[in-house]
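J.: Provided herewith is a single structure, encoded as structure tokens, for subsequent inquiry.
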Amino acid sequence: MALTSTTITSWKLQEIVAHSSNVSSLVLGKSSGRLLATGGEDCRVNIWAVSKPNCIMSLTGHTSPVECIQFNSSEERVVAGSQSGSLRLWDLEAAKILRTLMGHKASICSLDFHPMGEYLASGSVDSNIKLWDVRRKGCVFRYKGHTQAVHCLAFSPDGKWLASASDDSTVKLWDLIAGKMITEFTSHTSAVNVVQFHPNEYLLASGSADRTVKLWDLEKFNMIGSSEGETGVVRSILFNPDGSCLYSGSENTLRVYGWEPDRCFDVVHVGWGKVSDLAISNNQMIAVSYSQNNVSWYIVDLNRVKKSGSVIQGLIEDKPIPAPTSAMGTTLRRNYERPTTSCTGQEMKRSSEADRRSPEGERRSPSSEDEKEDKESSAEITNPEDYKEIFQPRSVISRTPPKRNEPFPAPLDHSFSESVLEKPGPAVKIVTPVIDRAGQLKGPITSSTPVQRVEPTVIAAAPRPVGVVTTTVTSPSRPVVTTTKPKPSTGIILSTRNEPIGLSAGEFLSHARNAKASVMGDDEALAQIRKGHDTMCVMLTSRYKNLDTVRSVWASGDVKISLDSAVSMNDLSIVVDILNIINLKPSLWKLDLCTSILPQIEELLQSKYESYVQTGCMSLKLILKRFWPLISDTLTAPPSVGVDITREERHQKCKACYKQLKNLSNVVKNRAEQVGRHGSTFKELQLLMAPLDY
């Protein structure tokens, strides 16, 4: 039978088990797109090369989960921030710890290197941003202005500005030399997850949980574009290297945007789930996502993606497209001047010296405690051959021109590949390209064992006991394949899963061990599939009727009555649906709603469903942000003279809310002891609820 290959636009490159416990953060090296750093709840940072199955280096020293990581521009250094508020900086070429920086009082959730490499910015759950001089082990400036966690930081290409994105729905722009905020962008209606500067022009892009991508003019400080076509939370954005378009990564989807006017050039459906980071190399997009302790790489062939021309209809309003005034279809803007040591460096140094004399400065000399922590940190080279191949050649002078970067080869059509791998018979030869950090093809490694998922060995110190299930598969014509997988967790039910709950694929397969035994018939297979179908239909029908009832009440314009009707149905799923709508528009929140919903939030925070917990946390944050000052002022105000019915009613509502918040504070305190992203969220809530104890 003749076999023909079909070129595809996107495909899954590889999946690995990255840590002995859940992965909590990861980042791609943007210069090469070939290097990955992952942080886990096992308090380790592991370094990987894309397409290689085993960890190259494992960095230790943190005593709490690693919440964020960042490479410098040359990818020779990596910094990691932990849940305890500490920073550790490693030199990957020398395989050693360079600095341990202490300063934040809460979990660090964003990092970025200055283009010059001598400075580092960090953002925390405590809403503070700090600028560090990595040579002197000190914080040279603190930027205050956000009211919630700072989730993303980005230096401008010229190194003079810093952009920050926060859960408070704002994007702020800071002048590093003057040490103050330049402007604030407030058009987003939910948490802003990511910001990035245009590589050349004075433009800034931001992506938010409100499902929009917005572009800001940094000369006039106004919004020049906003996408409305996203179907999920925007988690990653990336400008094309030439600045011609903007890529947006949301759940399972990549979109390509232009601006002035707003338009969507292309939409690519990729099965990457909640994508965490993007990079571009050799006109291919490399994307990474993670779930539990697994990390997956995906490739998108940008040669097959539209980056200009006609727009995708229906995603945005059709508008007449004016003639472009530049080659890229945008208005002409001033370009950045790249930083030089004589310019930006000297100005930053003067700012640092002035700050050392100011009350905001936190400069300090290295202490014995820091030196002790540096000694306790280490860089374990777990794969010497790969380490030498990727990092060592950078220090060797080469007299031959560098080789051209090689793209990742596209696989055959998925339907053909899967059918070949599933059929018993002769083993299929798999060719895996070995590509170093510079993108050079080192040669293929061939394997005669059909492996669908790679589970590398990761060296971990004192790993937590994890139950495993070992399965051995044999075939007359195949070598023995043994896989080891962790047992599924019986705690929180994640909002995204790789398989349905309560459904086992084994129930649909024949249990006969004899190959000649009869296979399950169609009727029997359909009977298995229909198990619970009627029950599910009844449940969904009931839920639809309840939602329709709430919608009809909502149409009357009274949100309080709508919410009360949802609560009276004793169905948390209905409450979650209503809260998700209200949370998208915080202005809908009133004090009356708080008294009704706070008892429901207590149930949501203790739910076994991750989506319920996330909705409860978001609602509680909004309540604390909008109403705690009112509650506190009302309860501490002196008694009024005379009869004031409105004031008395408000006082009773505030008193009820305070009592319910006190009950919730105990729940939050207990859940804050967890590790991972859930523990971080509850720790942030614990900080917001701290005034309740005074």
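The values are calculated or read from the model by the stated rules, or taken from the named source; none is laboratory data. In this text the structure is predicted, and so the values were computed from the model without any measurement. Don't worry about glycine lacking a Cβ; one is built from the backbone with ideal geometry, like all the others, and counts go over all protein chains shown. These area figures cover heavy atoms from the full protein model, side chains too; ligands, DNA and RNA do not enter into them. Shrake-Rupley method; radii C 1.70, N 1.55, O 1.52, S 1.80 Å.
J.: Might you check whether a residue that is within 22 Å of Glu684 (Cα to Cα), polar (S, T, N, Q), within 19 Å of the chain's Cα centre (by Cα) and at pLDDT 85 or above occurs anywhere in the stretch 86-98?
T.: no
J.: What pairs come out if I take residues in the stretch 125-151 that are assigned by the TED database to the domain that holds Gly103 and pair them with residues that are open to solvent by less than 10 Å² (accessible area, probe 1.4 Å) and acidic (Asp, Glu) whose C-beta lies under 7 Å away, six or more apart or interchain?
T.: Lys137/Asp370; Val140/Asp133; Val140/Asp355; Phe141/Asp355
J.: Does Ser24 satisfy the criteria of being crowded, with 23+ Cβ neighbours inside 10 Å, of a type outside the set (D, E, K, R), in contact with a strand residue (DSSP E or B) (Cβ under 7 Å, 6 or more places away or on another chain) and not in a loop (DSSP other than H, G, I, E, B)? Please lay out each step first, then the result.
T.: Numbers: crowded, with 23+ Cβ neighbours inside 10 Å: yes; of a type outside the set (D, E, K, R): yes; in contact with a strand residue (DSSP E or B) (Cβ under 7 Å, 6 or more places away or on another chain): yes; not in a loop (DSSP other than H, G, I, E, B): yes.
Against the criterion (crowded, with 23+ Cβ neighbours inside 10 Å, of a type outside the set (D, E, K, R), in contact with a strand residue (DSSP E or B) (Cβ under 7 Å, 6 or more places away or on another chain) and not in a loop (DSSP other than H, G, I, E, B)), Ser24 qualifies.
J.: Moving to a separate point now. When you go through Val195, Val150, Val140 one by one, which is the residue that is in contact with a Ser or Thr (Cβ under 7 Å, 6 or more places away or on another chain) and modelled with pLDDT of 95 or more?
T.: Answer to the check: Val195.
J.: Looking only at the stretch 1-20, decide whether some residue is open to solvent by less than 20 Å² (accessible area, probe 1.4 Å), in contact (Cβ under 8 Å) with a residue 60 or more places away in the chain, closer than 29 Å to Val270 by Cβ and in contact with a Leu (Cβ under 6 Å, 6 or more places away or on another chain).
T.: The answer is no; no qualifying residue exists.
J.: Of all residues in the stretch 178-210, which are hydrophobic (A, V, I, L, M, F, W, C) and over 21 Å from Asn72 (Cβ atoms)? Break it down into steps so the answer makes sense when it comes.
T.: Residues of the stretch 178-210 hydrophobic (A, V, I, L, M, F, W, C): 178, 181-182, 185, 191-192, 194-195, 197, 203-205, 209.
Result: Ala178, Met181, Ile182, Phe185, Ala191, Val192, Leu203, Leu204, Ala205, Ala209.
J.: Given Cys68, Cys43, which one is open to solvent by less than 40 Å² (accessible area, probe 1.4 Å) and closer than 19 Å to His114 by Cα? Before you say what the answer is, go through the steps one by one.
T.: Values: Cys43 fails: closer than 19 Å to His114 by Cα.
None of the other options fit; the residue is Cys68.
J.: Restricting to the stretch 277-301, name every residue that is closer than 21 Å to Cys152 by Cα, surrounded by 21 or more Cβ atoms within 10 Å (Cβ to Cβ) and among the hydroxyl-bearing types (Ser, Thr, Tyr).
T.: Ser289, Tyr290
J.: Which residues, counting only those in the stretch 254-288, are among the polar types (S, T, N, Q), farther than 20 Å from Val195 by Cβ and in a strand (DSSP E or B)? Let's see the steps before the verdict.
T.: Quick first cut of the stretch 254-288, residues among the polar types (S, T, N, Q) only: 276, 281-284.
Now narrow it down to the ones that are farther than 20 Å from Val195 by Cβ: 281-284.
Those that are among the polar types (S, T, N, Q), farther than 20 Å from Val195 by Cβ and in a strand (DSSP E or B): Ser281, Gln284.
J.: If a residue has to be modelled with pLDDT under 90 and not small (Gly, Ala, Ser) to count, how many in the stretch 60-71 make the cut?
T.: Residues flagged as modelled with pLDDT under 90 and not small (Gly, Ala, Ser) within the stretch 60-71 amount to 3.
J.: Shifting gears a bit: Filter the stretch 102-135 down to residues that are closer than 15 Å to Leu153 by Cβ and either in a strand (DSSP E or B) or in contact with a helix residue (DSSP H, G or I) (Cβ under 6 Å, 6 or more places away or on another chain) (or both), then give me how many there are.
T.: Looking only at that region, the number is 18.
J.: For the condition closer than 17 Å to Leu36 by Cβ and in contact (Cβ under 8 Å) with a residue 24 or more places away in the chain, what is the one hit in Ala121, Ala106, Ala80?
T.: Numbers: Ala121 fails: closer than 17 Å to Leu36 by Cβ; Ala106 fails: closer than 17 Å to Leu36 by Cβ.
Testing whether each residue is closer than 17 Å to Leu36 by Cβ and in contact (Cβ under 8 Å) with a residue 24 or more places away in the chain leaves just Ala80.
J.: Within the bounds of the stretch 557-566, is there any residue that is touching a residue at least 40 places away in the same chain (Cβ under 8 Å), within 30 Å of Gly679 (Cβ to Cβ) and crowded, with 17+ Cβ neighbours inside 10 Å? Before the answer, list the steps.
T.: Pass one, the stretch 557-566, residues touching a residue at least 40 places away in the same chain (Cβ under 8 Å): none.
Checked the stretch 557-566: no residue is touching a residue at least 40 places away in the same chain (Cβ under 8 Å), within 30 Å of Gly679 (Cβ to Cβ) and crowded, with 17+ Cβ neighbours inside 10 Å.
J.: Taking the stretch 147-178 as the search range and keeping residues that are out of contact with any Leu (no Cβ under 9 Å at 6 or more places or on another chain) and more than 16 Å from Asp112 (Cβ to Cβ), which one is surrounded by the fewest Cβ atoms within 10 Å (Cβ to Cβ)?
T.: Only one residue tops the list, namely Ala178.
J.: Name the single residue, out of those in the stretch 618-637 being among the β-branched types (Val, Ile, Thr) and within 17 Å of Glu649 (Cα to Cα), that is farthest from the chain's Cα centre (by Cα). Even if it seems obvious, please write down each step before you answer.
T.: Looking only at the stretch 618-637, we keep the residues that are among the β-branched types (Val, Ile, Thr), and these are 623, 631, 634, 636.
If we keep only those that are within 17 Å of Glu649 (Cα to Cα) as well, we get 631, 634, 636.
On the way: Ile631: 34, Thr634: 39, Thr636: 41 Å.
This residue is Thr636.
J.: Another question about this same structure. Any residue in the stretch 522-542 that is in a loop (DSSP other than H, G, I, E, B) sitting within a Cβ distance under 9 Å of a residue that is surrounded by fewer than 10 Cβ atoms within 10 Å (Cβ to Cβ)? List the pairs, counting only those 6 or more apart or interchain.
T.: Here the result reads Gly532/Gly502, each pair linking the stretch 522-542 to a residue that is surrounded by fewer than 10 Cβ atoms within 10 Å (Cβ to Cβ).
J.: If I filter the stretch 574-591 down to residues being part of a helix (DSSP H, G or I), under 23 Å from Asp548 (Cβ atoms) and in contact (Cβ under 8 Å) with a residue 60 or more places away in the chain, which single residue comes out as most open to solvent (accessible area, probe 1.4 Å)? Steps first, answer last, please.
T.: From the stretch 574-591, those part of a helix (DSSP H, G or I) are 574-584, 586-588, 591; that's our starting set.
Cutting the leftovers down to under 23 Å from Asp548 (Cβ atoms) gives us 574-584, 588.
Retained after the next criterion (residues that are in contact (Cβ under 8 Å) with a residue 60 or more places away in the chain): 583-584.
Working: Asn583: 17, Leu584: 94 Å².
Here the residue is Leu584.
J.: Shifting gears a bit: Quickly run through the stretch 209-223 and pick out the residues that are open to solvent by 40 Å² or more (accessible area, probe 1.4 Å) and not basic (Lys, Arg). Lay out the reasoning, then the answer.
T.: Here is the first cut: in the stretch 209-223, the ones open to solvent by 40 Å² or more (accessible area, probe 1.4 Å) are 211, 219-223.
Within the stretch 209-223, Glu219, Phe221, Asn222, Met223 qualify.
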